[in-house]
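Colleague: Below is the structure I would like to discuss, written out as structure tokens.
The values are calculated or read from the model by the stated rules, or taken from the named source; none is laboratory data. Values in this document were obtained by computation on a predicted structure and should not be read as measured data. Virtual Cβ from ideal backbone geometry, glycine too; neighbours counted across all protein chains shown.
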Amino acid sequence: MDRIASFCINHDTLVPGVYVSRIDGDITTYDLRFIKPNTPPYLPNPTMHTIEHLFATYVRNSALKDKVVYFGPMGCRTGFYFLIKDTDEKTALQLIKNTIKECMEHEGEIPGSTAVECGNYLEHDPKDAKDKLLWYYGIIKDLTTEDLKYPL
């Protein structure tokens, strides 16, 4: 069986940032890495859940909403995958930065956090999510497209 692309990345050299994970035709997958792999503490589930709801809502309300394919957590709890189609790296990176900033500045209820809207609506941590988003924004705010390659 072939190894999938994400298992071919050297996780020992990976640090928090934004990376192009793969390109499949017109869809690019970005790795939004919050935590250095294999260095706990990992993102707690309630924190990840809140970031997922916020990022998905803001990015799907952006000017590029029709190009957004998916945003969701990594099972290892070290970050998220963001998939977007027909968008150059510079534009996608700016969208990621803008969306992270909007998420960390969010006030009020977490979108989609009622029992009718979400299958685990009680598991959210808005305060920790904001703390992690603020920290992560400090990591990514000055990144350029040259920084989107995985370290060797």
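Colleague: Only one of ASN98, ASN10 is within 23 Å of THR145 (Cβ to Cβ) and at pLDDT below 95. Can you tell me which?
Modeller: Working: ASN98 fails: at pLDDT below 95.
Just one listed residue meets the conditions, ASN10.
Colleague: Turning to a different aspect of this structure: Does LYS67 satisfy being under 13 Å from the mean Cα position of the chain (by Cα), surrounded by 14 or more Cβ atoms within 10 Å (Cβ to Cβ) and at pLDDT 95 or above? Walk me through it before giving the result.
Modeller: On the way: under 13 Å from the mean Cα position of the chain (by Cα): no; surrounded by 14 or more Cβ atoms within 10 Å (Cβ to Cβ): yes; at pLDDT 95 or above: yes.
No.
Colleague: Pairs please, first residue from the range 116-142 and closer than 16 Å to PRO44 by Cα, second anywhere and small (Gly, Ala, Ser), Cβ atoms under 6 Å, 6+ apart in sequence or on different chains.
Modeller: TYR121/SER113; TYR121/ALA115; HIS124/SER113
Colleague: Among the residues of the range 122-152, what is the count of those that are assigned to a loop (DSSP other than H, G, I, E, B), surrounded by fewer than 16 Cβ atoms within 10 Å (Cβ to Cβ) and of a type in the set (D, E, K, R)?
Modeller: The qualifying residues number 4.
Colleague: Sticking with this one: Any idea which residue in the range 102-121 is surrounded by the most Cβ atoms within 10 Å (Cβ to Cβ), counting only those that are under 19 Å from LEU133 (Cα atoms) and out of contact with any helix residue (DSSP H, G or I) (no Cβ under 6 Å at 6 or more places or on another chain)?
Modeller: First pass over the range 102-121, keeping only residues under 19 Å from LEU133 (Cα atoms): 102-113.
Still in the running and out of contact with any helix residue (DSSP H, G or I) (no Cβ under 6 Å at 6 or more places or on another chain): 105, 107-109, 113.
Details: GLU105: 12, GLU107: 6, GLY108: 6, GLU109: 10, SER113: 17.
Going through the qualifying residues, I end up with SER113.
Colleague: Same structure, new question: Answer with yes or no whether PRO73 is within 21 Å of VAL20 (Cβ to Cβ) and either surrounded by 17 or more Cβ atoms within 10 Å (Cβ to Cβ) or touching a Lys or Arg at 6+ places or on another chain (Cβ under 6 Å) (or both).
Modeller: Working: within 21 Å of VAL20 (Cβ to Cβ): yes; either surrounded by 17 or more Cβ atoms within 10 Å (Cβ to Cβ) or touching a Lys or Arg at 6+ places or on another chain (Cβ under 6 Å) (or both): yes.
Criteria met by PRO73.
Colleague: Hey, THR87 hits all of (1) among the β-branched types (Val, Ile, Thr); (2) under 13 Å from the mean Cα position of the chain (by Cα); (3) over 18 Å from PRO16 (Cβ atoms) but one; which does it fall short on?
Modeller: (2)
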